[in-house]
Structures are given as structure tokens and as C-alpha cells.
1. Just one of (1) under 17 Å from the mean Cα position of the chain (by Cα); (2) buried (at least 23 other Cβ atoms within 10 Å of the Cβ) trips up residue 100, so point out which.
2. Can residue 70 be described as out of contact with any helix residue (DSSP H, G or I) (no Cβ under 6 Å at 6 or more places or on another chain) and part of a loop (DSSP other than H, G, I, E, B)?
3. Evaluate the stretch 3-26: report whether one residue or more is without any contact (Cβ under 8 Å) to a residue 60 or more places away in the chain, surrounded by fewer than 18 Cβ atoms within 10 Å (Cβ to Cβ) and not in a loop (DSSP other than H, G, I, E, B).
4. Residue 261: modelled with pLDDT of 50 or more, within 15 Å of the ligand (Cβ to nearest atom) and surrounded by fewer than 16 Cβ atoms within 10 Å (Cβ to Cβ), yes or no?
5. Determine if the stretch 42-52 includes at least one residue that is more than 30 Å from residue 274 (Cα to Cα) and touching a helix residue (DSSP H, G or I) at 6+ places or on another chain (Cβ under 8 Å).
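The values are calculated or read from the model by the stated rules, or taken from the named source; none is laboratory data. Since this is a predicted model, take the numbers as computed values, not measurements. Counting neighbours? That spans all protein chains shown, and the Cβs are built from the backbone with ideal geometry, glycine included.
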Ligand SMILES: [Zn+2]
């Protein structure tokens, strides 16, 4: 499921392609994705409108448009859900089976396809009002995060997924940030020390920035005709060579050695989502951190990493990804 970095990379890619383009036709194949906007209102508002901007808020794409004949600007809100894609396809390209909405832009079509129809493309922007601060903006301060976590008895990993606490962080980057900050995903949110809060904020921002920077360099195949995936899910371009494998350290790495200490990465389920963590680097208590580690739990990182072939790693990743969805 795309998170903030994946959506940001997509926004940066789409922005120059749609700017100043006028919508000359609106085709709706799945009215469900427009909800609560009706198909009729969607069609009426967008036909003849011109794209004036595209931004991201959390995991949402926010398209700005100038309506046909003037009037107040429109916001079109997109969300990719679990498997949605948004891209430009050359006019005349055969539409994918799961096309939900197509906007005719002259020589190109803006295509939104979504095999599971969990995503959205709507004129209703109320979802944005419920979002917490952007993690890369100043409002996401240590004081803010400390106060917000301090009010919650939920496990810190679960709380990080709360979009009203911070917008755009999902399952992958929450696991990664907690690993980097060396905080147990099971720790009650209000039990984090001031130092842990500061570390967590820093690592959330660092991992998101790295993912955006790295994702921006990938040879993504945004168009359906190219056969590519169009997004760098989990930090890895579809069908990419190992060179492009992402740099995630715990996510989807159950059973592999921790790169920091060699302990086997574990998976646990929290609020129906998988969490990946290193039990040694992210102990549940300080006491456990000080205690000696059970040797049977450890693998010599160096040996294990050198024997794991590229193919094995890819297979493991692809297999567990299917299970995740
Ligand atoms: Zn470790």
C-alpha cells in the first residue's frame, strides 16, 4: 500500500504532465470511487476544468483546478487505496480492465485504475480536515509528538498509523522508523521518554526523506502500456533488479538477521497489521536491553548475508508481499 514517499514521488511525476491541461472528457466506470460525490456532479464540475496545481497531503493527491467559465477553484482528491494507480496514457491506449475513471486531456488520458476499488477520486475533501500534521513540516515538532503520544495508551506502532496524529505514515515506514529509533513497537505510546520521542520524530522524518529521495531516482514505468507498476511500492520498482532493491531494514524481513546485531527479525501482528522488528535492538524494557541475549536467537550477520542470494531475497519479498495484501 503506497505511503507518503510513494505518493510524493507520484505527485512530482504527474505535476508537470497535467499542469495547464484542460479536461475535455470525463468517463466514469466505477462510480463507487467518487463517493460521496455523485457521478453527475463529478462530470458537471470537471468537464472543461483546467489543472492548476497538484500537491500531496498525507497519502492523498490534491489536484487543483479552475472550473470552466470561472468560479471558485476546485479540489479533486485522490487516494490510491491498496492497489490503485494514476497515470497518463497516450490517447487511444486500450484501457485496463479495472479503469475506474478516465479524464481526457487531449493527446493523453489521465487514467485512474484500481483493481480493488479501495481508492478514491472525489470532489469531497472532508478527509483532509481530519489529518494530523505533515511529518516533514515544522508543525510535527518534538513537543507536538510528545503531547500526542502522551495522551494514548495504544502501542506506539499502532499510534503512528493514526493519520490524525501524523499524516502519511503507514505500516512500512512506521516499522522502519521504530527500528531506527530503537524503540519497541509494543511500547505504550505514553511511556516513551522525552529522548525516545525526539529520536522517533527524527527517524520518522529521516526514513521518509530517504525514501522520497531514493524513489525519485528510480526508472519508474508509470504508464500501463509499459507493463510497469508505476509506483515504487515498498521502495522497490516492480520487476527491478536487485540494484534497485529498497533499503528497508526490518520491513518484510522476518527470519532474516538484523543488520545491526544479527538477531533474527521478528513479525508480530498489531491491530491486524504486520509489524517487523528486532527484539534485541528494540527491547520491550530497559532491563531486557541490559540483559544478555539468548545465543540461539542470533545468526552471524556476515555469514548469513553472504549466503543469501539475490534470487532468494527477491523470492522471499515477493512471496510475503502477496501474503501482506
Ligand atoms: Zn538488532
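1. For residue 100, the failing item is (1).
2. Criteria met by residue 70.
3. Scanning the stretch 3-26 turns up at least one residue that is without any contact (Cβ under 8 Å) to a residue 60 or more places away in the chain, surrounded by fewer than 18 Cβ atoms within 10 Å (Cβ to Cβ) and not in a loop (DSSP other than H, G, I, E, B).
4. In short, yes.
5. Yes: one or more hits.
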